[in-house]
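Following: one structure in structure tokens, then a few remarks.
Only the coordinates and a few stated rules stand behind these numbers; no lab work does. Being a predicted model, the structure only gives us computed values, none of them experimental. A quick note on method: Cβ atoms are made from the backbone with ideal geometry, for glycine too, and the neighbour counts reach across all protein chains shown.
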Amino acid sequence: MYAIFKDNKLKTFSPKTPDTVAGETFIEISQETYSSFLDQQPHKTINTSGELVDCKIIKDSRLQAKYKKDADIQKITYDFSDGRVIQVRPDDVSNITIAIGKEYSGDWVMADNSIASVSTNDLKIALAYGISQGETIWQEYMDKLK
């Protein structure tokens, strides 16, 4: 879960730590809304303090590379080319792997929060693609650190 505070600070929290948001004024948003919010901010990113900042003022290119890598990792999806688009972010990889292990076929929540049927083979294809994309993103990040 995410929260955008009135002072443009973004703070992440989970149901296990409600005290982190106690007494604060916030609007809870979804991951999709969060990604859309960042996409609409030209040259903007979230710094380690949770503040929305202009990338141009972050002089450390290593830090810029980290922010880009983090944002790109959270946008990994696989498009089945039939209207279904599944998220394959690091958090999703675990669920997909478990489903594959159980040879699951059935309903799955897609990236747009719609429900669509998937087969075990669909999940295997999406997982392989997601891992490949993640590797590419990490390699680009490491190349920028050299």
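Assorted remarks:
- Highest-first arrangement of 120-128, 134-142, where packing means the average Cβ count within 10 Å: 120-128, 134-142
- Applying 1/(1 + (r/R0)^6) with R0 = 35 Å to the Cβ-Cβ distance of I73 and S105 gives a FRET efficiency near 0.80.
- Inter-label distance for I131 and D82, nm, one decimal - labels placed 7 Å from Cα along Cα-to-Cβ: 2.3 nm
- Karplus-derived 3J(HN,Hα), 6.51/-1.76/1.60, for each residue of the range 88-94, Hz, glycine and proline x: 9, 6, x, 5, 6, 4, 4
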